[in-house]
Amino acid sequence: MDSGAVDMVHKWQYVGPKTDRNLFMRMLIQPVTRNKVKTVRASVVALFLGRADDVVSLLAKELPELALKKENCTEMTWFQSALWWDNRVNATQTDPKVFLDRNLDSSSFGKRKSDYVATEIPRNGIESLFKKMIEIKVAIAHPHVSLFLDFQQHVDVTATASPPTTEDDEDTIFNLKFI
């Protein structure tokens, strides 16, 4: 078991909900095989509304375990970032007029299950989660967990926001989504 991944995931859940509001971070946790040994890989995918230098500086202070470097970042427009999140390979070269195309593409849709987490998961809980993910048969599914910052904490409970919205949402620190 990679203790570096366990440490990063453990610290991420304390940093993610409290970091700069212009930073959206999603952590992907996937079972992988390295050198014939089953382990878990944790990686962060993020969107920062600002310059690459600023996010590198911010995360060097808040989450140095990521070891983020400027060359890991790609600066792009808001439109390009929407294309990137849609898994467009050449998001920075794609014409923004693609947003005007009303024809459905070959997008895949799937059923997801999720849990809303109100208290941080202890380190031994993360280790147990990783062990369970490794036990799952890869031939049946290649599961991963997507952790993402719940923006509900920044939205007033009386404001219109994405569902589900309840008074309890202010206690949610992140969403755990099983794919």
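The values are calculated or read from the model by the stated rules, or taken from the named source; none is laboratory data. Computed from a predicted model, the values in this text were never measured in an experiment. Ideal geometry is used to build each Cβ from the backbone, glycine not excepted, and the neighbour counts take in all protein chains shown.
Kindly list, by first and then second residue, each pair from a residue in the stretch 113-134 that is more than 15 Å from LYS177 (Cα to Cα) to a residue that is among the basic types (Lys, Arg) and assigned to a strand (DSSP E or B), limited to pairs with Cβ atoms under 8 Å and residues at least 6 apart or on different chains.
These pairs meet every condition: ILE134/LYS38.
Could you list, in sequence order, all residues of the stretch 124-151 that are modelled with pLDDT under 80 and acidic (Asp, Glu)? Walk me through it before giving the result.
Here is the first cut: in the stretch 124-151, the residues modelled with pLDDT under 80 are 136-151.
Result: ASP150, single match.
Any idea which of LYS18, LYS61, LYS70 is exposed (fewer than 14 other Cβ atoms within 10 Å of the Cβ), under 30 Å from GLU127 (Cβ atoms) and modelled with pLDDT of 90 or more?
Numbers: LYS18 fails: modelled with pLDDT of 90 or more; LYS70 fails: under 30 Å from GLU127 (Cβ atoms).
Of the residues listed, the single one that is exposed (fewer than 14 other Cβ atoms within 10 Å of the Cβ), under 30 Å from GLU127 (Cβ atoms) and modelled with pLDDT of 90 or more is LYS61.
Output the residues belonging to the stretch 93-123 that are more than 21 Å from the chain's Cα centre (by Cα) and either at pLDDT 85 or above or not in a helix (DSSP H, G or I) (or both). Walk me through how you get there before you give the answer.
Initially, the stretch 93-123 is screened for residues more than 21 Å from the chain's Cα centre (by Cα), giving 93-106.
Selection gives GLN93, THR94, ASP95, ASP101, ARG102, ASN103, LEU104, ASP105, SER106.
If you go through the stretch 40-53 one residue at a time, do you hit one that is part of a loop (DSSP other than H, G, I, E, B), free of Cβ contacts under 8 Å to residues at least 12 places away in the same chain, surrounded by fewer than 18 Cβ atoms within 10 Å (Cβ to Cβ) and not basic (Lys, Arg)? Steps first, answer last, please.
First, the residues of the stretch 40-53 that are part of a loop (DSSP other than H, G, I, E, B): 49-51.
If we keep only those that are free of Cβ contacts under 8 Å to residues at least 12 places away in the same chain as well, we get none.
No, the stretch 40-53 contains no residue that is part of a loop (DSSP other than H, G, I, E, B), free of Cβ contacts under 8 Å to residues at least 12 places away in the same chain, surrounded by fewer than 18 Cβ atoms within 10 Å (Cβ to Cβ) and not basic (Lys, Arg).
Which of the following residues is hydrophobic (A, V, I, L, M, F, W, C), without any contact (Cβ under 8 Å) to a residue 12 or more places away in the chain and touching a Ser or Thr at 6+ places or on another chain (Cβ under 8 Å): VAL32, VAL37?
Working: VAL37 fails: touching a Ser or Thr at 6+ places or on another chain (Cβ under 8 Å).
Within the list VAL32, VAL37, the selection yields VAL32.
From the set of residues in the stretch 1-52 that are among the basic types (Lys, Arg) and under 21 Å from LYS70 (Cβ atoms), which is farthest from the chain's Cα centre (by Cα)? Walk me through it before giving the result.
As a first pass, look at the stretch 1-52 and keep what is among the basic types (Lys, Arg): 11, 18, 21, 26, 34, 36, 38, 41, 51.
Checking which are under 21 Å from LYS70 (Cβ atoms) leaves us with 26, 51.
Values: ARG26: 1, ARG51: 19 Å.
Filtering the stretch 1-52 for residues that are among the basic types (Lys, Arg) and under 21 Å from LYS70 (Cβ atoms), the one farthest from the chain's Cα centre (by Cα) comes out as ARG51.
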